[in-house]
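Below is one structure, written out as structure tokens; comments come after it.
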Amino acid sequence: MSNARKLRQQPRPPDPVEAGFRDALRAGCPHCHSRKVVGKWRGVWSFTLVCGPDCPTHRDERLAHAVAADAAKRAGVAAGEALSYRALDTSSGEVGGVVVGAG
């Protein structure tokens, strides 16, 4: 057994659909007008729009999912694909979502 650390998978650049969703999120929050988008590499890119704690989008998950769904539609139009956003509920209480293509 080796004591060597596991090598971390190096992130690849976002593919055109991921980059399109990121750019669509950068259009900003309709409530606080934040344009800050944070990306995390988890085998695929996960992008999140960051709003302040006093923003209604930050406090209400339904508003956050609506902003993401709108961004997915805009990214789909730009990419020429039918994209949709689906909200996920995890047992840990973490809120998330995924952008899904039609194919």
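A short reminder: the numbers here are calculations on the coordinates, not readings from a lab. All values reported here derive from a predicted model rather than from experimental measurement. When we count neighbours, we look across all protein chains shown, and the Cβ atoms used for this are built from the backbone with ideal geometry, even at glycine.
Which stretch or stretches of the stretch 8-51 have amide N atoms under 15 Å from the point lying 7 Å from residue 78's Cα along the Cα→Cβ direction? 14-29, 35-39, 47-49, by backbone N distance to the label point. As a proxy for reagent exposure, 21, 47 were ordered by neighbouring Cβ count within 10 angstrom, fewest first; the result is 47, 21. Projected over all directions and averaged, the alpha-carbon convex hull of the stretch 16-101 occupies 5.4 nm². Rounded to the nearest whole Hz, the Karplus-based 3J(HN,Hα) values (6.51 cos²θ - 1.76 cosθ + 1.60, θ = phi - 60°) of the stretch 29-40 follow the sequence 7, x, 9, 9, 6, 5, 10, 7, 10, 10, x, 10, with x at glycine and proline. Each residue of the stretch 60-72 was assigned a 3J(HN,Hα) from its phi angle through the Karplus curve 6.51 cos²θ - 1.76 cosθ + 1.60 (θ = phi - 60°); the sequence is 10, 4, 5, 5, 4, 5, 5, 4, 5, 5, 5, 5, 5 Hz, with glycine and proline shown as x.
Peptides 77-88, 57-68 ranked from most to least packed by the mean count of surrounding Cβ atoms within 10 Å: 57-68, 77-88.
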